[in-house]
Every structure is written in structure tokens, then in C-alpha cells.
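Below is one structure, written out as C-alpha cells, with a few remarks after it.
The values are calculated or read from the model by the stated rules, or taken from the named source; none is laboratory data. In this text the structure is predicted, and so the values were computed from the model without any measurement. All Cβ positions, even for glycine, are placed from backbone atoms using ideal geometry, and neighbour counts span all protein chains on display.
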Amino acid sequence: MKVELTNQTRKLCVIGDPVEHSKSPLIQNTMIQALGLDYLYMAQYVPRGGAAAWLEAAKTAGYAGFNATMPHKLDLVPLMDELDEDARMYGAVNTVALRNGRAYGFNTDGRGFVQALRDEGIGPEGRTAVLLGAGGAAKSVALKLVQQGAKAVFACNRTLEKAGELCRLDRQGRLIPAGFDLDTLRELCTRCSLLVNCTSLGMTGVAGQYQDLTFLDALPEETPVCDLIYAPAETLFLKEARRRGHPAFNGLGMLIWQAVFALEHFTETKIDGQAMKHVLKNVC
Ligand code: NAP
């Protein structure tokens, strides 16, 4: 896409390793253009372990802020002058706003997920959610769901210790670790009122695919199913859920909402997210 620059244009970017695949520049520059803001958003390769050096460079170069993807989200936490409640809760930063030489760390992932859920007419309140996976994305989804009133959240993971670690973050016992074997998934699906794939299984460019999705047969009718993956737009997991009649949606809504909230932090303005979703529908 073409972006117009002036001598006052403020710089933003996403840092990652790798970063070439990121949709953030497309999403952010589209929103920036639609809102008539004088910002430019780029993809910036920063190697693993390079977050501290990058932060200093960004301050020196006058960046207004940046987003962070793998593997920098955890490394940024101790480097921030201030952290918002969510970044502190997840122990991870995905948005850094630079103001007067100070770094403000935010995390917009969990909020983005819940807003996308609400757009589908689904509230977390009182739900029993089953999450497949216990990585960084599962952590923000799990903690946000219980914060927003979910009754229980099962984190099912291939590596059980990681599920245990995640679940210990909730002192009220609403997060419950579980295995990833077919029998466990089938049993938990019978009690489930929201199923979310938070693994990378089925993602474009990632080896690995669900070998057996028959656990979906155990879901109560009409149980909503979400896949955090947005590339491809329809994973095998989503396709099989839809074939069984479940309302199912991918991770694009979460991606867009976390970007809207990040741009609000960068610009310190309120943005009409629904209008941005409309603009981005034809772009992503
Ligand atoms: P991560 O921290 O690397 O976690 C990956 C998860 O996938 C772990 O639970 C891992 O289990 C599991 N996994 C990987 N390969 C597996 C296999 N062969 N069998 C069973 N489980 C396997 O990654 P993440 O940051 O949480 O991201 C997870 C997915 O969410 C990615 O596809 C990412 O694109 C997507 N995501 C989307 C958004 C959005 O805005 N829509 C935001 C963040 C992430 P182990 O612990 O056993 O390795």
C-alpha cells in the first residue's frame, strides 16, 4: 500500500523475529489512512534478545511506539517504566507507547479476544470454556475470560506442566489444567460452552495439524467454536466445527481489535473500532 509522508510523520512499527509475515503494518496503515492520522507503521526485524537495544534505538529515533510479537513480549516487561493491568496480569507486553522518553507497556490481546467474542454475540459470563493450548495466546485468553466472569476455563495442553503453570496464575481456581489426549478432550467437550483453539495446529507455514477432531462430536449443540488462527481463514478445526453445525469464527476479529486498542494507546485518542472493522473487511 502507498502511504503519504510529511516531515512531521510519527513512526510506529511491529518488532519480531520473524516479522515479515505480520499483518500489523497493513492493518495499522489502513486505519491510519482512514482516520487521517499522520503516522507511518512499519515491520521491523529485531532478533531474539534484542528488545532492550531496540527500545533505546526507538527512543533515540523518536518513535511514537511499537507493537511486539514473538519472541519479545516477555523480554519487554522489565524494560517498561509503567505497565498496564493486563500486561502485568499476563507478564507480557504487546504494545509500547513512547512518551517524553518514558516507555508505557500495554497488552491488548485478551481485550481484543473478548471484544471479538462479543461481536459474535457471545459473552464470557458464566461460561465453561475449553482452551486447546497453553502458550502465550492461551494465557491472555484464559486470564481475560475468568476476569470477565467465565465460570471455569480448562487449559488442555500437550505439555501438561505448561498448562499447570498457566492455571496457577489464577488464585481462585477457575483455571484448570488438562491433558490433550482424545479421551480428555472428548470428556471436557461434553461440559463446554465455548471451545477455543489456541494452538498453532493448522496455521499456515507451521508444521502440525489435528490428526483426529472427533472430540468435536461431544460438544453440546450450538456451542460456539473459535480458532485464534486467521491464516488460513478456515482451518480444518473450524471447517469440522462448522460441518457439525456450530457457530464458528477465526482470529481475525481478535487481531483487528488488539490493533485498534494499540492505536488508541499510540495516539491517545478514542477510535471507533466497529468502523475500523468495516474498513478492514476488504483489506485483510
Ligand atoms: P505459543 O506460545 O508458541 O504456543 C503454542 C501452543 O500450541 C502451545 O500450547 C503448544 O503446546 C501447542 N502446540 C504446538 N504444536 C503442537 C502439536 N503438534 N500438538 C499439540 N499442541 C501443539 O504460541 P502462541 O503465541 O500462544 O500462538 C498460538 C496460536 O495463536 C498461533 O497460531 C498464533 O498465530 C495464534 N494467535 C492469534 C492471535 C490473534 O490476534 N488472532 C494472537 C496471538 C496468537 P506445547 O506447550 O505442548 O508446546
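Looking at GLY126, is it in contact (Cβ under 8 Å) with a residue 24 or more places away in the chain, more than 14 Å from the chain's Cα centre (by Cα) and either in a helix (DSSP H, G or I) or at positive phi (or both)? Considered against the rule, which asks whether it is in contact (Cβ under 8 Å) with a residue 24 or more places away in the chain, more than 14 Å from the chain's Cα centre (by Cα) and either in a helix (DSSP H, G or I) or at positive phi (or both), GLY126 comes out as yes.
Checked against the criteria, LYS144 does not count as without any contact (Cβ under 8 Å) to a residue 60 or more places away in the chain and away from the ligand (no atom under 14 Å from the Cβ). The single condition among (1) closer than 19 Å to ASP17 by Cβ; (2) touching a Gly at 6+ places or on another chain (Cβ under 7 Å); (3) among the small types (Gly, Ala, Ser) that ALA52 does not satisfy is (2).
Total residues in region 170-209 satisfying the condition of being of a type in the set (Val, Ile, Thr), at pLDDT 95 or above and within 11 Å of the ligand (Cβ to nearest atom): the figure is 2. Here ALA155 passes the criteria (1) within 26 Å of LEU79 (Cα to Cα); (2) touching a strand residue (DSSP E or B) at 6+ places or on another chain (Cβ under 7 Å); (3) within 12 Å of the ligand (Cβ to nearest atom) except the one numbered (1). Residues in region 60-108 that are over 21 Å from LYS11 (Cα atoms) and of a type in the set (Phe, Trp, Tyr): 1 in all. The residue that is nearest to the ligand (Cβ to nearest atom), counting only those in region 128-137 that are crowded, with 21+ Cβ neighbours inside 10 Å and more than 24 Å from THR69 (Cα to Cα), is VAL130.
Inspection of region 105-122 identifies at least one residue that is within 16 Å of the ligand (Cβ to nearest atom), closer than 23 Å to LEU185 by Cβ, in contact (Cβ under 8 Å) with a residue 40 or more places away in the chain and assigned to a loop (DSSP other than H, G, I, E, B). Here region 97-109 is the region considered, the condition is being in contact with a Phe, Trp or Tyr (Cβ under 8 Å, 6 or more places away or on another chain) and surrounded by fewer than 24 Cβ atoms within 10 Å (Cβ to Cβ), and the residue that is nearest to PRO224 (Cα to Cα) is ALA97.
Screening region 212-235 for residues that are within 20 Å of the chain's Cα centre (by Cα) and away from the ligand (no atom under 13 Å from the Cβ) and picking the one that is farthest from LEU182 (Cα to Cα) gives GLU234. I'd like to know if region 30-40 contains one or more residues that are touching a helix residue (DSSP H, G or I) at 6+ places or on another chain (Cβ under 7 Å) and buried (at least 23 other Cβ atoms within 10 Å of the Cβ). Yes - at least one qualifying residue is present in region 30-40. Exactly one residue out of GLU165, GLU82, GLU161 is within 13 Å of the ligand (Cβ to nearest atom), closer than 27 Å to ARG48 by Cβ, loosely packed, with under 15 Cβ neighbours inside 10 Å and among the acidic types (Asp, Glu): that is GLU161. So the check is Cβ under 6 Å with 6+ separation or different chains; which pairs have a first residue in region 13-31 that's closer than 14 Å to TRP257 by Cα and a second one that's of a type in the set (Phe, Trp, Tyr) and buried (at least 23 other Cβ atoms within 10 Å of the Cβ)? Qualifying pairs under 6 Å: GLN28/TYR41.
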